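Here is the structure we will look at.
The values are calculated or read from the model by the stated rules, or taken from the named source; none is laboratory data. In this text the structure is predicted, and so the values were computed from the model without any measurement. Reconstructed Cβ throughout: ideal geometry from the backbone, glycine too, with neighbour counts over all protein chains shown. Just so you know, the surface numbers come from the protein's heavy atoms only, side chains and all, with ligands and any DNA or RNA stripped out. Shrake-Rupley method; radii C 1.70, N 1.55, O 1.52, S 1.80 Å.
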Amino acid sequence: MSEIMNLPGDATSKKGWSVRAGALLGWVPALLVALPIGMVLIRAMEPGGDAWDHMVSNLLWSYMWQTGLLVFLVLALALLLGVPAAWWMATCQFPGRAVLRWALVLPLAMPAFVAALAYSDVTQSFIPAYIWVRNTFGLQYFLLAQQMGKWLVAVVVLGATLYPYIFLTAYASFSRQAAAPLEAARMLGVGPWKIFLRVALPMARPALAAGASLVVFETINDYGVTHFFGIQSLTVGVFRAWLSEGHLHVAIRLALFLLVLAVGGVMLEKGQRGSRGFESGSGDQFLTPRPTTGMRGLLVLCGCLVPLLVGFLIPGWKLVIWARDTLGETFGWQATLRAAWHSFSLAGTASLLIVLAALMIVASRRALGVKSLRWAQQLGLLGYAIPSALVAVGVGTMISQAAAAPNFAWMALSASVTGLVFAYYTRFLAVGIQPVDAGFRRISGSLHEVSRTLGVGPWQTIWRVDLPLVWPSLLAGATLAFVDIFKELTLTLVLRPFDFETLATHIVRLTDESRIPEASIPSLILVTLSLIGLIPLTHLSTKSPR
Amino acid sequence: MSLLEVQHVSKTYARGDRPAVHDVSFTVQPGEFISLVGESGSGKTTLLRLIAGLEMTNTGSISLDGRQLAGQGVHVAPEKRGVGLVFQHHALFPHLTVAGNVSFGLGKASASARLRRVSEMLELVGLPEAYSRRYPHELSGGERQRVALARALAINPGVLLLDEPFSSLDPLLRESLRDETRRVLKACSATAILVTHHTRDALAVSDRIAVMHLGVLEQEGAPEDVYHHPVNGYVASLFGPCNFLTLEETTDVNHRQKWVRPDELQLASLDQNRVVMSGRVTQVTYGGGCQDVTLLCEHLGEKREIKVCHKGNWAVKEGESWAVTTKTDGRIGTGREAS
């Protein structure tokens, strides 16, 4: 072979050295994601011992059904809040619709554990009901009622903060993908209910599955809300086994159960994506909303306001009131600011690494056209489906094993922050890859090809043509990763060094110490920064001509 | 000596069930404008991409000006081939001005040399110099196409490849830009290969036409040859309606089979004393310059639809019976003896 061959689709047959080096550039950052999983899988082979036997006979079933029930209830509520709102927003023109189109996404900026603390006193309002149950039905039912009260609030908090995943995908499907058949059904004189049930819902199934899978991931990953309301989920079980009881191998095995659940979520999404025959293919056609005024318009407005109120406005208002009261007293600004700086520096470092890695993976695939790099990209995307508890256990195991090696004792002291950044990288690389990949996809392949025929090499083409066009996507990827990491709780709580707080862990600590009103100010900082991260998302969701 | 030599080139895609290009050979002379014509999936774009180096050949070789670009163990990267390419949708870099686009491939040339080259190219394609500061989104479709042409020509390519460059333009603009492109290419003596499925474009601008079908080169020749003497039914029908007839020469009794275009036939009144092909008119449509008449005739013992482009002073109506003759001296064989 006389000269370099690096062509889309064809370089696999005979590779030049530069192609191999470039492929390595794409594979290395993706393979890093597989390390913690590999570590967990290897350690899971070790004998379980008495602790595991005890877990299986006494606790595992409880963890499993509680996790299953939580996922089911949260998903049901998220669908109930998200789907009707998306349908009304897509098909009805009512007063306030323009504001609601971006406002309905706001609960994504409200971390569930922050909303949980805002709703913490709701359970207290149930006390008269509990007393009535005890007096009427006895102690057993009193305890059950207490449990149900906590479950109710936990499900409402999770459902109301996670419904935007459903809303976004359903709205996109109703307003765009299904526009032509919906209009055809309308022209055939079919009523709105029938259109919704017989045309819109079946067509939106793949989109709903995509949103639902995200709700499932977030629910099984949750630690803040479940811990706060005393729900014995698998994630809580992993950390209890590892941190409270010191049984790492039990935690590893439990984490694998979480992985099975997450894989189930992925399969659900993939399965539905396979049935794309339901989509109409009228990709760029937007539905014209029907004017909805009077009492009907008011009802639709109220229906759309409920999720926003429960998921954002009520907890947000509560936080603002508490913050106002707390500011008058002696508030620990120093600790809050230190925690904010830790959050900022950690999220900044990790998001920078993530966007660089995403760029390396996607750009090398683009420049070299090596087919195997598609798998590297898939591997990078895997992280988002891996439960946080599993990543935490995997990274924790890696750190402890590295620190145990001769001459590496220093790692025990300093590796926690590095390990934390690595854990963020593993978990959130997908958040960076998706917008970067979307950005590259938007650039026509012929731009790359024409640059090559003008005498410019593949890497120089990436630098001179692709990068100037893709930078908004890089910025979007970095922002989304930054915000996700900034409010991340589960990994941080487990892997952070001793006496090292981020805003998220600071809030949890204050909550654990029953200083809930004091937690309002760091919570508001967290919510405000998360709102910035929503800008690219709301831009995408409102990209419609009407 | 030929400038571009394509020898026995074949290409099969990994997921393809048949070769996209199969054993294609042709040459292009310096300064020649050749068109590759065919339907979608005929392999013409693949052949263009093989020449550009954007795809790798499975077998065969490609040489440009005596230098082997592709062949056994050789594949020169696209950026090292010295081949220009103009895409259907222009592929202008949206973040660069017209000047930035045109000078993109000029490498390490000095700023003044780049400016000079941009001016030359804009003048060549008929764009005012003030356009050099505009961005692609500020240009019309035709202006973008001119910039794409200027950008490809700026690097002095050994051969310029044009991939359906006029397809995205409306018909009026397409015709004027097509003629303008030919003028520009001839003005700078550029060698060019145009890929198109618009046969009128190919007939209008090409020195030579190569017809591709299912990856195979069916016919190659001057536009008149390909139009009037197609080698088979596919080539004949690609350039418009055609009748496959057996003609009787008046000079001798030899019969010869030939593809005859409707505009080479004419209608005549039925003459009982002469042996002519006749038939009933089944369809008449107005085709602009003539009436497109379809007759059901008996030809060599079988019923056949014959299409005639009728330019006579009288209007033909469906249901009438007419004789069909050629405008030249050839008569259409009937299989009957003259009475």
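Side notes on the structure shown:
- Annotation: extensible slack from residue B:123 through residue B:13 equals 35.5 nm (criterion: 0.36 nm per residue apart, minus Cα-Cα distance).
- FRET efficiency, 1/(1 + (r/R0)^6) with R0 30 Å, evaluated for residue A:197 and residue A:293 via beta carbons: 0.80
- MRE, 222 nm, helices only [DSSP H, n ≥ 4, -39500 (n - 2.57), over chain B, to nearest 500]: -6500 deg cm²/dmol
- 14 Å Cα-Cα reach of residue B:108 towards aspartates and glutamates, excluding residues that sit fewer than 8 places from it in its own chain: none
- Leading residue at positive end of dipole, chain B (Cβ point charges), from B:113, B:102, B:77: B:113
- Partner shielding of A:45-52 amounts to 0, given as the average count of beta-carbon atoms from other chains within 10 Å of each residue beta-carbon.
- Among the residues of B:106-113, the average count of other protein chain beta-carbon atoms within 10 Å of the residue beta-carbon is 1.
- Across chain B, Cα pairs under 8 Å and at least six residues apart give a relative contact order of 16 percent.
- Å² per residue, accessible surface of chain B at 1.4 Å: 46 Å²
- Annotation: amide H of residue B:95 has no partner in the under-5 Å range at sequence separation 5 or more or interchain, hydrogens built in the peptide plane.
- Farthest toward the positive end of the dipole of the protein assembly as shown, out of A:227, A:142, A:395, is the Cα of A:142, where the dipole comes from beta carbon charges about the Cα centre.
- Residue by residue along B:91-97, Cβ atoms of other protein chains within 10 Å of the local Cβ number 5 on average.
- Solvent-accessible area of residue B:318, all protein chains in place: 110 Å² (probe radius 1.4 Å, heavy atoms, ligands and nucleic acids excluded).
- Most to least packed among A:449-458, B:20-29 [average Cβ atoms within 10 Å]: A:449-458, B:20-29
- Basic side chains Lys and Arg get +1 at the Cβ, acidic Asp and Glu get -1 at the Cβ, and with that the dipole of the stretch B:145-271 about its Cα centre reaches some 660 debye.
- 3J(HN,Hα) along the stretch A:395-402: 5, x, 5, 4, 5, 5, 5, 5 Hz, from the Karplus curve 6.51 cos²θ - 1.76 cosθ + 1.60 with θ = phi - 60°, whole Hz, x for Gly and Pro.
- Across the stretch B:182-206, the residues whose backbone nitrogen lies under 14 Å from the label position 7 Å along the beta-carbon direction of residue B:65 are B:189-192.
- Size of electric dipole in the protein assembly as shown: Cβ of Lys, Arg +1 and of Asp, Glu -1, about Cα centre, debye, nearest 20: 1100 debye
- Amide H to amide H distances under 5 Å link residue B:86 with B:161, B:162, B:163, where only residues 5 or more positions off or on other chains count and H is placed in the peptide plane.
- For residue B:144, net neighbour charge (Lys/Arg +1, Asp/Glu -1) across residues whose Cβ lies under 13 Å away: +1
- Relative contact order computed over chain A (Cα-Cα under 8 Å; 6+ residues apart), in percent: 24 percent
- About the centre of its Cα atoms, the stretch B:84-201 shows a dipole size close to 380 debye [charges on the beta carbon of Lys, Arg (+1) and Asp, Glu (-1) only; nearest 20 debye].
- Under 17 Å from residue B:317, Cα to Cα: lysines that are on another chain or at least 8 residues apart: B:307
- Each residue, residue B:222 and residue B:282, gets one label point 7 Å from its Cα in the Cβ direction; the gap between the two is 3.7 nm.
- Relative protection proxy for B:223-231, A:45-53, from highest mean packing down: B:223-231, A:45-53 (other beta-carbon atoms within 10 angstrom).
- Buried accessible surface for the A/B pair, both sides summed and rounded to the nearest 100, is 2500 Å² with a 1.4 Å probe.
- Farthest towards the positive end of the charge dipole of chain B, among the residues B:147, B:260, B:279, is the Cα of B:147, using unit charges on the Cβ of Lys, Arg, Asp and Glu.
- Taking a sphere under 14 Å around the Cβ of residue A:185 and counting the other residues whose Cβ falls inside, with K and R at +1 and D and E at -1, yields a net charge of +3.
- On the basis of the beta-carbon distance and an R0 of 30 Å, residue A:459 and residue A:35 show a calculated FRET efficiency of 0.65.
- Over 29 Å (Cα to Cα) - which of B:258/B:303; A:150/A:318; B:11/B:186 fall in this group: B:11/B:186
- Peptides A:465-474, A:361-370, B:159-168 ordered by packing proxy, namely the average of other Cβ atoms within 10 Å per residue, highest first: A:361-370, B:159-168, A:465-474.
- Electrostatic bookkeeping for residue B:160 treats Lys and Arg as +1 and Asp and Glu as -1; over the other residues with beta carbon under 13 Å from its beta carbon, the sum is +2.
- Under-5 Å amide H pairs with residue B:277, H placed in peptide plane, nonlocal only: B:324, B:332
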